[in-house]
Amino acid sequence: MRKRLMAAGMACLGLSILLVPPMSAGADTTPAPGEPATVTADALPTWQTDGVVLAMEIVNGVAYVGGNFDHVRPPGVPRGGAGEVARTGLAAFDAATGALLPWAPVATGPIFTDDVVQTECDNLGSNQYRCDTVWEIKASPDGSRLYVAGDFGKIGTERRYRIAAFDTATGALDPDFAPSPNSRVRALAVSDTTVFAGGHFTAVNDVTRTRLAAFNRADGALLPWAPTADKRVMAMVLSPSGTRLIVGGDFNRINNIWQHGLSAVNVSNGTKASFLSNDIPYNNSNSRSWVTDLVTDGTRVFASADGVGTFDGRLAVNPETGARIWINNCLGATQSISVMDGVLYSGSHAHRCDMQTYYEGNGFPETRPHRRFLAEPADTAQGVKQRILHWFPNAQPGTTYPFVQGPWTMANDGTHLWAGGDFTQVNDVPQEGLTRFTTHDVSPDVTGPVQTNFQAPTAVANGGGKVTITWGATWDLDNRKVRYEVVRSDGQVACTAEANSVFWTLPNLSCADLGRVPGSVYKYRVRAIDPHNNRISSPSSPDVTVT
């Protein structure tokens, strides 16, 4: 293998008493009325990569992934284990089952020497590097073509300089689509007739094109459309009307007109379109944000951001005016977003969200470990503070510098949500590079509340045959409401309680077991049960003598 990149409400059973005030239900896999349901936090069995995944597109039931990797392997298999097969920079899977598909183009690049460390390329040692990463994948609106872009110089034996097209019906490389940008292509958007590209390049086919260009879909011919960006373009999406291209990145000027990070150009002639957004801040080179991803739900455009000491959350804008609809100021760089069934999912390393409204309370304060996945309503109204939905699968980030933040790309087909990046575990289970989730009706929620730190209860004899049992709540990755059963050593449920909880707010609960025999010995444990009847049990408490 090549050396890769450097490295609570109340519930009773007769004698139960809940001593904690109730909390309103949150949106999750069993949401409250009016709230969107999330996918489950259970990660489905998914093939893995031996490197970072940076691009993803789902079309015609196929999940295409791209990045910087050499092999893929079945779920649960360590690197080099049984079933590992070669896939160089590109791979395809059945979006519903996760099965590996035969499509296997090889994306490679030339070896070169440079005294400057190339952190985003393969480090081969002795100042030698190879840049062949796939950074972007986008399909045509009719699903007949798949466009890939990045750093590569060849697809198989064919010269393809940083951008290529494939026939999705046959998997074959398009022989006619072969433009030649002179540097990285980082972003793509595709209409019925045109492929738009953005990135780091300053020329295409030896013709000046400053980080933005357009090509005829039929034959790859360079079009006259030629707006300019003074610095890198990292994301783009067509407005729902198709009349303007929303562009994001780390630029300061579009067509020499100042608008940092997020702007728009007209599709018809490349002129800068009016765009009101000023939410991607620039104070100086050491205090700024940049857009990392753009998606649309057909009504709004959503942007994610990374930043240095400034905004690095998510926001929604009106695509025709650029006016902000809502903004989420959670701290922790967001690298990817995907919108599905009224929910905006994001991959980040969020570590503080206490400036966010979380139903009747606040979002989480500075926390470790970082939250690698979040969800929020996509259709929050203008002027309403954005809130976080109860969906918290976790991922352990990898060590491939500079891709050490976890998820870097997301895509969905309306049922299955795929995510890729640089991670080694998902929900504390070994899983590298790729994972996927789905709706509860397709794959039921089968994981119970969180076991970690769910301790034994304490029990106190109050006299008169009454025992009060007290315990600290746990929480669930994708359901805010958790029900508790206090079970005696005779197997009978002594009492029950119910509470809403999140990882940063865990209430203390209590209930009473009445009618016990004075002088007898009882032992209790607590079961935590989610709305889908998945359960865990606390360790048993010491014997309690009732006097």
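Below, the figures for the structure above:
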item: Filtered residues of region 291-301 (kept if in contact with a strand residue (DSSP E or B) (Cβ under 7 Å, 6 or more places away or on another chain) and surrounded by fewer than 24 Cβ atoms within 10 Å (Cβ to Cβ)); result: Val295, Thr296, Asp297, Arg300
item: Among residues of region 412-428, those that are in a strand (DSSP E or B) and either out of contact with any Phe, Trp or Tyr (no Cβ under 6 Å at 6 or more places or on another chain) or open to solvent by 10 Å² or more (accessible area, probe 1.4 Å) (or both), counted; result: 9
item: Check on Thr321, more than 22 Å from Gly414 (Cβ to Cβ), open to solvent by 40 Å² or more (accessible area, probe 1.4 Å) and at pLDDT 95 or above; result: yes
item: Hey, Pro227 within 24 Å of the chain's Cα centre (by Cα) and part of a loop (DSSP other than H, G, I, E, B) or not; result: no
item: Strands (runs of 3 or more DSSP E) completely within region 241-331 that count 2 or more residues being touching a His at 6+ places or on another chain (Cβ under 9 Å); result: 287-296
item: Strands (runs of 3 or more DSSP E) wholly inside region 64-121 containing at least 2 residues that are over 23 Å from the mean Cα position of the chain (by Cα); result: 111-113
item: First in region 515-540 and within 10 Å of Val487 (Cα to Cα), second anywhere and among the acidic types (Asp, Glu) and at pLDDT below 95, Cβ under 7 Å, 6 or more apart; result: Lys523/Asp543
item: Hits in region 371-387 - residues which are at pLDDT 90 or above and in contact with a strand residue (DSSP E or B) (Cβ under 8 Å, 6 or more places away or on another chain); result: Arg371, Arg372, Phe373, Leu374, Ala375, Glu376, Pro377, Ala378, Thr380, Ala381
item: Test: Ala235 is among the small types (Gly, Ala, Ser), under 15 Å from Ala197 (Cα atoms), in contact with a Lys or Arg (Cβ under 6 Å, 6 or more places away or on another chain) and surrounded by 24 or more Cβ atoms within 10 Å (Cβ to Cβ); result: no
item: Identity of the residue in region 481-515, outside any strand (DSSP E or B) and under 33 Å from the mean Cα position of the chain (by Cα), that ends up nearest to Thr452 (Cα to Cα); result: Phe503
item: Complete set of residues in region 200-257 that are hydroxyl-bearing (Ser, Thr, Tyr) and within 22 Å of Arg314 (Cβ to Cβ); result: Ser239
item: Filter result for the condition that a residue is touching a Gly at 6+ places or on another chain (Cβ under 9 Å), closer than 21 Å to Pro539 by Cα and either of a type outside the set (Ser, Thr, Tyr) or buried (at least 24 other Cβ atoms within 10 Å of the Cβ) (or both), over Ala473, Ala499, Ala494, Ala461; result: Ala499
item: Any chance Phe215 is aromatic (Phe, Trp, Tyr), surrounded by 22 or more Cβ atoms within 10 Å (Cβ to Cβ) and assigned to a loop (DSSP other than H, G, I, E, B); result: no
item: Single residue of Pro539, Pro531 found to be of a type outside the set (Asp, Glu), under 13 Å from Gln455 (Cα atoms) and either under 30 Å from the mean Cα position of the chain (by Cα) or part of a loop (DSSP other than H, G, I, E, B) (or both); result: Pro539
item: Count of residues meeting criterion [open to solvent by less than 10 Å² (accessible area, probe 1.4 Å) and under 13 Å from the mean Cα position of the chain (by Cα)] in region 367-392; result: 6
item: Single condition Gly406 does not satisfy, out of (1) on the phi < 0 side of the Ramachandran plot; (2) in contact with a strand residue (DSSP E or B) (Cβ under 6 Å, 6 or more places away or on another chain); (3) open to solvent by less than 10 Å² (accessible area, probe 1.4 Å); result: (1)
item: Count of region 401-454 residues which are among the acidic types (Asp, Glu) and under 19 Å from Asn479 (Cβ atoms); result: 3
item: Answer residue from region 524-542, given it is of a type in the set (S, T, N, Q) and open to solvent by 50 Å² or more (accessible area, probe 1.4 Å) and is modelled with the highest pLDDT among those; result: Asn533
item: Search result, residues across region 343-359 that are open to solvent by 30 Å² or more (accessible area, probe 1.4 Å) and either within 27 Å of His440 (Cα to Cα) or assigned to a loop (DSSP other than H, G, I, E, B) (or both); result: His349, His351, Asp354, Met355, Thr357, Tyr359
item: Residue list for region 50-88, restricted to those being of a type in the set (S, T, N, Q) and crowded, with 24+ Cβ neighbours inside 10 Å; result: Asn68
item: Region 129-146: number of residues that are part of a loop (DSSP other than H, G, I, E, B) and of a type in the set (Asp, Glu); result: 2
item: Members of region 429-449 found to be touching a strand residue (DSSP E or B) at 6+ places or on another chain (Cβ under 8 Å) and either open to solvent by 10 Å² or more (accessible area, probe 1.4 Å) or not in a loop (DSSP other than H, G, I, E, B) (or both), listed by number; result: Pro430, Gln431, Glu432, Leu434, Thr435, Arg436, Phe437, Thr438, Val442, Gly448
item: Any hit, region 408-421, residues being at pLDDT below 95 and more than 18 Å from Ala91 (Cβ to Cβ); result: no
item: Exclusive hit being farther than 21 Å from Ala273 by Cα and modelled with pLDDT of 95 or more, set Ala226, Ala203, Ala218; result: Ala203
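Rundown of residues vs (1) modelled with pLDDT of 95 or more; (2) among the polar types (S, T, N, Q), yes/no style:
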position	(1), (2)
His260	yes, no
Asn269	yes, yes
Ser277	no, yes
Thr292	yes, yes
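The values are calculated or read from the model by the stated rules, or taken from the named source; none is laboratory data. Nothing here was measured: the structure is a model prediction, and the numbers come from that model. Glycine also receives a Cβ, built like all others from the backbone with ideal geometry; neighbour counts cover every protein chain displayed. These area figures cover heavy atoms from the full protein model, side chains too; ligands, DNA and RNA do not enter into them. Shrake-Rupley method; radii C 1.70, N 1.55, O 1.52, S 1.80 Å.
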